[in-house]
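Following: one structure in structure tokens, then a few remarks.
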Amino acid sequence: MNDFISLNHGSGGKLTHELIEKVFVKRFAMSEPLTDSFIIKESGSTLAFTTDSYVVDPLFFPGGNIGKLAICGTINDLAVSGADPRYIAVSFIIEEGFPMDDLVLIADSMAEEAAKAGVKIVTGDTKVVDKGKCDKLFITTSGIGFLNSEIENISTGKRIKPGDKLIINGPLGNHAIAILGARNNMAFKTTVTSDCASLNHLIHKVLQNCKEILFMRDVTRGGLATVLNELSSMIMSGIIVNEALIPIDDQVKGLCEMLGFDPLYLANEGKVLMVVGTGEENKVIEILRSDPLGRCSEVIGEIIPDKKGLVVLNTSVGGKRILDMPAGMQLPRIC
């Protein structure tokens with residue numbers, strides 16, 4: 001393991017997993033598999049609990065800001081665990097000299113997003129540090145949601161079997177490209193808007209009407225490729241995905257080709273990957289496409305029997321390539 005922390009340790013890729021496994025899991029006696037939320041069973045209730053920190057740069061970007069991002073991210077981590085998100089705690093670390101008007105705008109957007117999602121912000125903490133001791137504003141959130149015990153293992157994928165289908169609810173890479181275009185040091189601008197959104201209502205509709213939702217994970221740092229590799233190693237099966245079926249907006253695709261990025265590794269903040277039992281994929285697609293957050297949903301691949309746990313991409317030109325987990329990051333501080 002490296003002697004010092006690098007930005008790549010925050011990528012969500014191989015170095016992030018190595019850091020978590022060798023430093024935190026080992027010392028905190030954390031149970032595996034590691035999922036977006038920890039499931040708590042106490043006194044007849046089943047709860048999902050999650051926490052996350054947000055250091056996005058810039059704080060304001062097309063489609064949102066750090067506050068909206070923090071609320072959406074926490075809600076989505078709970079929702080993909082099958083939980084109904086209810087309560088959020090928020091902690092702010094604010095640099096001395098930060099504009100009060102900007103803080104008010106961020107707080108307003110957090111309140112608006114929480115209300116829209118039906119979630120209450122109930123407690124928190126505020127710290128102000130000397131100028132130069134943090135970069136403007138960092139936010140940490142924790143969330144709790146109630147979970148139906150019948151789907152408490154949905155994050156582990158225990159019921160997945162070969163032939164089950166993979167579904168994504170819309171185009172990939174928009175958030176990362178929107179952040180990149182908003183940075184002052186970049187030589188290009190873009191009209192791409194972040195997909196930052198709370199997915200709990202969308203996911204609830206699917207869970208209410210479909211019994212064969214076998215796994216869910218929100219596609220954030222490290223992109224689709226990372227989530228697929230996490231899933232394959234978790235269930236010890238192979239995955240095959242079809243590049244031609246993966247939704248990517250033309251502008252995102254064009255900018256990725258120009259800048260040398262792979263959209264399958266870019267961060268998203270409003271996308272969920274679902275694994276659905278064979279025969280129910282059309283029903284799930286119909287439900288997803290009836291919602292604005294799922295209009296471009298597609299079945300992109302399936303689980304295959306392969307003990308090596310490889311993720312294989314059927315390319316648009318007719319070839320195949322291994323879709324590995326990234327070692328580091330394409331873009332830093334995108335969430």
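The values are calculated or read from the model by the stated rules, or taken from the named source; none is laboratory data. This is a predicted model, so every value here is computed, not measured. Positions of Cβ are backbone-derived with ideal geometry, glycine not excepted, and every protein chain shown enters the neighbour counts.
See the values below:
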| quantity | calculated |
| --- | --- |
| Selected residue (only one of Lys127, Lys165, Lys131, Lys120 is within 23 Å of the chain's Cα centre (by Cα) and without any contact (Cβ under 8 Å) to a residue 40 or more places away in the chain) | Lys120 |
| Scope region 173-231; condition within 17 Å of Gly270 (Cα to Cα), assigned to a loop (DSSP other than H, G, I, E, B) and hydroxyl-bearing (Ser, Thr, Tyr); matching residues | Thr193, Ser194, Ser198, Thr220 |
| Considering residues of region 1-42 that are among the hydroxyl-bearing types (Ser, Thr, Tyr) and surrounded by 11 or more Cβ atoms within 10 Å (Cβ to Cβ) only, the residue modelled with the lowest pLDDT | Ser11 |
| Region 309-330: number of residues that are surrounded by fewer than 21 Cβ atoms within 10 Å (Cβ to Cβ), in contact with a helix residue (DSSP H, G or I) (Cβ under 9 Å, 6 or more places away or on another chain) and assigned to a loop (DSSP other than H, G, I, E, B) | 8 |
| Residues being of a type outside the set (Ser, Thr, Tyr), closer than 30 Å to Ile235 by Cα, surrounded by fewer than 21 Cβ atoms within 10 Å (Cβ to Cβ) and modelled with pLDDT of 85 or more - total across region 43-70 | 3 |
| Residues satisfying the stated conditions in region 42-80, i.e. out of contact with any Ser or Thr (no Cβ under 6 Å at 6 or more places or on another chain), of a type in the set (A, V, I, L, M) and closer than 21 Å to Lys120 by Cβ | Leu47, Ile66, Leu69, Ile71, Ala79, Val80 |
| Ala327, sole failed condition from (1) out of contact with any Asp or Glu (no Cβ under 8 Å at 6 or more places or on another chain); (2) modelled with pLDDT of 95 or more | (2) |
| Qualifying positions in region 3-48 - hydroxyl-bearing (Ser, Thr, Tyr) and touching a Gly at 6+ places or on another chain (Cβ under 9 Å) | Ser6, Ser11, Thr16, Ser37 |
| Selection status of Gly181, free of Cβ contacts under 8 Å to residues at least 60 places away in the same chain and surrounded by fewer than 23 Cβ atoms within 10 Å (Cβ to Cβ) | no |
| Scope region 148-172; condition crowded, with 24+ Cβ neighbours inside 10 Å and not in a loop (DSSP other than H, G, I, E, B); matching residues | Ile154, Ser155, Leu166, Ile168 |
| Tabulated pairs, region 25-46, first among the acidic types (Asp, Glu), second part of a loop (DSSP other than H, G, I, E, B), C-beta under 6 angstrom, 6+ apart or interchain | Asp36/Val80; Asp36/Ser81 |
| Members of region 41-99 found to be in a helix (DSSP H, G or I) and among the polar types (S, T, N, Q), listed by number | Thr74, Asn76 |
| Inter-residue pairs, beta-carbon under 6 Å, first more than 13 Å from Val312 (Cα to Cα) and in region 219-242, second among the aromatic types (Phe, Trp, Tyr), 6+ apart | Gly223/Tyr265 |
| Checking Asn268 against (1) farther than 11 Å from Lys165 by Cβ; (2) part of a loop (DSSP other than H, G, I, E, B); (3) more than 20 Å from the chain's Cα centre (by Cα), the condition it does not meet | (3) |
| Number of positions in region 232-265 that are part of a loop (DSSP other than H, G, I, E, B) and either assigned by TED's automatic domain parsing to the domain that holds Asp84 or small (Gly, Ala, Ser) (or both) | 2 |
| Considering residues of region 1-40 that are among the β-branched types (Val, Ile, Thr) and assigned to a strand (DSSP E or B) only, the residue farthest from Met216 (Cα to Cα) | Ile40 |
| Per-region count, region 249-274, residues surrounded by fewer than 18 Cβ atoms within 10 Å (Cβ to Cβ) and among the hydrophobic types (A, V, I, L, M, F, W, C) | 2 |
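This table checks each residue for (1) touching a residue at least 60 places away in the same chain (Cβ under 8 Å); (2) within 24 Å of Ser155 (Cβ to Cβ); (3) touching a Ser or Thr at 6+ places or on another chain (Cβ under 6 Å).
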site	(1), (2), (3)
Thr278	yes, yes, no
Val284	yes, yes, no
Ile303	yes, yes, yes
Lys308	yes, yes, no
Asn314	yes, no, no
